[in-house]
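Working notes, structure below.
The values are calculated or read from the model by the stated rules, or taken from the named source; none is laboratory data. Note that the structure is a prediction, hence the values are computed from the model and not measured. Note: ideal-geometry Cβ built from the backbone for every residue, glycine included; neighbour counts use all protein chains shown. To get the accessible areas, we keep the full protein, side chains included, count just its heavy atoms, and leave off ligands, DNA and RNA. Shrake-Rupley method; radii C 1.70, N 1.55, O 1.52, S 1.80 Å.
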Amino acid sequence: MSANLNKLVVMLEMQNAMNTKVHDQWFSQGFEWYRAIWVECAEMLDHYGWKWWKKQDKDLAQLQMELIDIWHFLLSEILLRHDGDQEKALSSLLGALSKVKEQDLINFDGQKIQVNSCDLVSKLELLIATAISRRIELALFGAIMMDCELSWADLYSQYVGKNVLNMFRQDNGYKEGTYKKIWDGKEDNEHLVDILISLDPNKNKFKDQIYSALQKAYPC
């Protein structure tokens, strides 16, 4: 499991910018990022299909989308623990990621749990439990990424796209309730997917191109 250094820098910068857009002193507000993580995990369980009393099909696209949201909240929690200092947050993130390959066992509630032997439902339940305990377990997150067929390259591309969409929503009346989430018969998330397919995530202006494409597609 490896993540490109420059892309980690970009994601931390974008997360800080998004959080600042919502509240300019977000890191001192005590927002409960860990709560957002376990709520998203519960939504992932529904998209995976855990109900034994009815037929359910796994929705891989939705699982990936929820996982991207969790990554937003994990980055926010890491930034928060360093008072918004992006350099310290990056150092902490790199240190944690460097140990991920070697880490399969997680100590929780007096037990040593072998992550890679768990199914996705069990991993999500464990991520919920660790989030409630306000723990960051990147090895567990990485294992869930693999189950959801999400590479680090995909995570970066989808993260940047969703972050830009969130910023676009804020710029177009999301807080005021005037933003149009559906246009031309599709939700904005669906428009975003079409835009991402047409762009190269390795380009320096990737996020700017996404925003520009959203502006062109969005009805005034």
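General observations
- Using the Cβ of E43 as centre and a radius below 10 Å, the other residues enclosed give a net charge of -4, where K and R count +1 and D and E count -1.
- Multiplying the residue separation of Q29 and D46 by 0.36 nm and removing their Cα-Cα distance gives an extension gain of 3.1 nm.
- Within the accessible area of region 94-220, the carbon and sulfur atoms contribute 48%, probe 1.4 Å, all protein chains present.
- Only helices enter this figure: runs of n ≥ 4 DSSP H residues, each worth -39500 (n - 2.57), summed and divided by the residues of the chain, yield -19500 deg cm²/dmol at 222 nm to the nearest 500.
- Relative contact order (%) - the chain, alpha-carbon pairs under 8 angstrom, separation at least six: 23
- Nearest-ten-degree value, helix 86-98 long axis tilted from longest Cα axis of the chain: 40
- Inter-label distance for S133 and K203, nm, one decimal - labels placed 7 Å from Cα along Cα-to-Cβ: 4.5
- Percent of Cα-Cα distances greater than 18 Å, calculated over region 1-141: 60
- The slack in the chain from D119 to L105, taken as 0.36 nm per residue of separation less the alpha-carbon distance, amounts to 3.6 nm.
- Cα-based helix-to-principal-axis angle, 206-217 vs the chain, degrees rounded to 10: 50
- Size of charge dipole - region 44-170 - debye, nearest 20, with Cβ of Lys, Arg +1 and Asp, Glu -1, no other charges: 160
- Take the Cβ atoms of A217 and D59, set R0 to 25 Å, and the FRET efficiency comes out at 0.55.
- Angle between the chain longest axis and helix 188-197 axis [Cα atoms, degrees, rounded to 10]: 90
- Accessible surface, per residue, of region 74-165 when the full set of protein chains is kept, probe 1.4 Å, Å²: 47
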